[in-house]
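Scroll down for the structure; my scribbles are underneath it.
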Amino acid sequence: MMGMTWIFVVVGVLASTTSAVPYPGDFLPTPKSYSGYSLLRTEPLLREDLARSLLILDGMRGIHFWKYPLVNRSSDILTSPAQLEHIQALLATLGVSHDVIIDDVKDLLAKENDVGVNGYSALEEELERAVPDKSFFQRYQRYEAIKNYAKTLASQDSRVTYENIGSSSEGKEIGLVKISSGGGNKPAIWIDGGMHAREWISPATATYIMSKLTNKEPASESLLSSFDFYIVPIINVDGYEWTHTGDRMWRKTRSRNNGRCIGVDPNRNWGFHWAEQGSSTDPCSDIYHGPRAFSEPETLSVARAIKARPNIKLYLTFHSYSQLWLVPYGYARNTRPVDYNELVRLAQVGKNALSATYGTSYRLGTAPDLLYPAAGGSDDWAKGSAGIKYAYCLELRDTGRYGFLLPSNQIVPTGEETFNGLAAMAKELHRTLKKQQTRPVGGPYVNADKELNSPSGGEAEYKL
Ligand code: 0X9
Ligand code: ZN
């Protein structure tokens, strides 16, 4: 009983500092400094009620969950110096031990994008020689630079086209790059990045893949002979810029929610099982699903662009961090698609090739099994609503040493290994598609395809 009282006292103190007021960071003259913020890692939370008690901290000022509290796993909590004591008291009351894994994130922030500090190792230098645009991938680039990179590629290579597929809430253009060596109606692979603003390695990797696909080497030429590629390097363009100018830890879009807290989690905003588990009705939460499915111009534009291209056979979306190869569905537990094993088999090929590059290990499975159930994600929508058979979400490097603040000298190796995973998977998919073309009607895949083409859970409700 005493324990419970304690929890209420501690939570009461924390609650008095929630951010349920207009978000002041919108007017910051300089970026939020994060000086003195530390990253705590709890021990695995062994009971549901422990996870629930910690979840009360969600959306409070000075607190950012890098890993949401869930039963049977540890939670990473970034905390301001002002909240540190309160959180530690709460953890003590709950009987949950923790380590301070990053003392002051300001130090990492200063280093993550500093080419001088992130001097390349021999391996990275070696790698960099293979990349035509050397210095571009030495650091995390801003939105304009990535957009210009894509436009320049399009102006220099006749196989590349750049298209503006829509405007963000703040009026920034969302760019789609198509890479096609021509020669008829090929199957296509869709890749997107930058759904979550602070996951900088994601747009960097998507852009790196653009570079690799156009480098005219045999590996990329062979890929382009089998597939067209569509790449949106940054979906959440406003949020991404905000992480460079205002708040490095921003996750959501920058839409105005009727004057209350800013932003919607774009990966809770897609129209497949929208607003179900693992998303929030609270505009101040980092996992706010928005007022309706596709309320965000960013998710709506990308969904429309995908739907307009029925030849897409593989959908890949890049997030970070944790090194996971996620297979649908993510919206709830035990909701595997009928062809789940086929999806796993193809992913395994990609994962093996990725890991063979530098030994980076990935875990493969559904989001509810490896992370948590979360509805409204783009991967689920791609499979369940757009009918793209092979849809995956990749949580890129690392597993938590740097988390979102992955030093920029890891862009090139992350790009290399991810490209290798993609290339191996594309090759295998090409073989599979060829086999299907020659299979007689009534073969074993007919039912699975039927299932795919009559998706349940939302398509009718959320017409694009
Ligand atoms: O929570 C997410 O949106 C993704 N993880 S992240 O740490 N990058 O935020 C995982 C999404 C997995 N897919 C679905 N739940 N549909
Ligand atoms: Zn993400």
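Where residues in region 319-336 are among the small types (Gly, Ala, Ser) and either in a strand (DSSP E or B) or crowded, with 19+ Cβ neighbours inside 10 Å (or both), which of them is nearest to ligand 2 (Cβ to nearest atom)?
Taking the candidates together, the pick is SER320.
Which condition number in (1) within 16 Å of ligand 1 (Cβ to nearest atom); (2) of a type in the set (Ser, Thr, Tyr); (3) farther than 21 Å from ASP58 by Cα is the one that SER168 fails?
Only one criterion is unmet by SER168, namely (1).
Using beta carbons and a limit of 7 Å, which pairs, at least six apart or on different chains, have the first residue in region 319-333 and touching a residue at least 12 places away in the same chain (Cβ under 8 Å) and more than 28 Å from ILE411 (Cβ to Cβ) and the second one of a type in the set (S, T, N, Q) and part of a loop (DSSP other than H, G, I, E, B)?
TYR329/THR335; TYR331/GLN277; ALA332/GLN277
Of (1) part of a helix (DSSP H, G or I); (2) at pLDDT 95 or above, VAL412 satisfies all except one. Which?
It is condition (2) that VAL412 fails.
Name the residue, out of ILE56, ILE63, ILE77, that is under 16 Å from ARG401 (Cα atoms) and either modelled with pLDDT under 90 or under 24 Å from the mean Cα position of the chain (by Cα) (or both).
ILE77
Grab the helices (runs of 4 or more DSSP H) fully contained in region 145-251, keeping just those with 1 or more residues being of a type in the set (Asp, Glu).
Output list reads 218-226, 237-245.
Give region 255-288 a look and list any residue that's among the basic types (Lys, Arg) and within 16 Å of ligand 2 (Cβ to nearest atom), or say none.
ARG268
Have a look at TRP270, TRP250 and point out the one that is under 22 Å from GLY403 (Cβ atoms), buried (at least 24 other Cβ atoms within 10 Å of the Cβ), hydrophobic (A, V, I, L, M, F, W, C) and touching a residue at least 12 places away in the same chain (Cβ under 8 Å).
TRP250
Quick check on region 267-276. Is at least one of its residues out of contact with any Gly (no Cβ under 6 Å at 6 or more places or on another chain) and either hydroxyl-bearing (Ser, Thr, Tyr) or within 10 Å of ligand 1 (Cβ to nearest atom) (or both)?
no
Six or more apart or on different chains, Cβ under 6 Å: which pairs go from a residue in region 126-148 that's among the β-branched types (Val, Ile, Thr) to one that's modelled with pLDDT of 70 or more and assigned to a loop (DSSP other than H, G, I, E, B)? Could you list them?
Going by the 6 Å Cβ cut-off, the qualifying pairs are ILE146/PRO233.
State whether one or more residues within region 171-183 are under 25 Å from GLY377 (Cα atoms), in contact with a Gly (Cβ under 7 Å, 6 or more places away or on another chain) and hydrophobic (A, V, I, L, M, F, W, C).
Yes; the residues of region 171-183 include at least one that is under 25 Å from GLY377 (Cα atoms), in contact with a Gly (Cβ under 7 Å, 6 or more places away or on another chain) and hydrophobic (A, V, I, L, M, F, W, C).
Given ARG309, ARG304, which one is surrounded by fewer than 18 Cβ atoms within 10 Å (Cβ to Cβ) and part of a helix (DSSP H, G or I)?
ARG304
Look through region 178-211, keep the residues that are of a type in the set (Val, Ile, Thr) and more than 16 Å from ligand 1 (Cβ to nearest atom), and return whichever of them is nearest to LEU433 (Cα to Cα).
So the residue we want is ILE189.
Restricting to region 337-383, and then to whatever is of a type in the set (D, E, K, R) and touching a strand residue (DSSP E or B) at 6+ places or on another chain (Cβ under 7 Å), can you tell me which residue is nearest to ligand 2 (Cβ to nearest atom)?
Going through the qualifying residues, I end up with ASP379.
Listed here are the residues, each with its yes/no results for (1) closer than 26 Å to GLU276 by Cα; (2) in a loop (DSSP other than H, G, I, E, B); (3) within 16 Å of the chain's Cα centre (by Cα); (4) modelled with pLDDT under 95.
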| residue | (1), (2), (3), (4) |
| --- | --- |
| ALA374 | yes, yes, yes, no |
| TRP381 | yes, no, yes, no |
| ALA391 | yes, no, yes, no |
| THR399 | no, yes, yes, yes |
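Do the conditions hold for GLU126, that is, is it at pLDDT below 75, out of contact with any helix residue (DSSP H, G or I) (no Cβ under 8 Å at 6 or more places or on another chain) and either at negative phi or not in a strand (DSSP E or B) (or both)?
yes
Give the residue, chosen from ILE179, ILE235, that is among the β-branched types (Val, Ile, Thr), away from ligand 2 (no atom under 15 Å from the Cβ), under 20 Å from ILE306 (Cα atoms) and in contact (Cβ under 8 Å) with a residue 40 or more places away in the chain.
ILE179
How about region 67-99: which of its residues are among the charged types (D, E, K, R) and exposed (fewer than 15 other Cβ atoms within 10 Å of the Cβ)?
GLU85, ASP99
Which residue, of LEU394, LEU429, is in contact with a Leu (Cβ under 8 Å, 6 or more places away or on another chain), farther than 21 Å from LEU109 by Cβ and within 12 Å of ligand 1 (Cβ to nearest atom)?
It is LEU394.
If you go through region 350-366 one residue at a time, do you hit one that is near ligand 1 (Cβ under 9 Å from one of its atoms) and either surrounded by 19 or more Cβ atoms within 10 Å (Cβ to Cβ) or over 17 Å from the mean Cα position of the chain (by Cα) (or both)?
Yes: one or more hits.
Criterion first (out of contact with any strand residue (DSSP E or B) (no Cβ under 9 Å at 6 or more places or on another chain), within 20 Å of ALA305 (Cα to Cα), more than 16 Å from ligand 2 (Cβ to nearest atom) and not hydroxyl-bearing (Ser, Thr, Tyr)) does GLY171 satisfy it?
yes
The values are calculated or read from the model by the stated rules, or taken from the named source; none is laboratory data. Bear in mind the structure is a predicted one, so any value in this text is a computation, not a measurement. In this analysis, Cβ positions are derived from the backbone assuming ideal geometry, glycine residues included, and neighbour counts consider all displayed protein chains.
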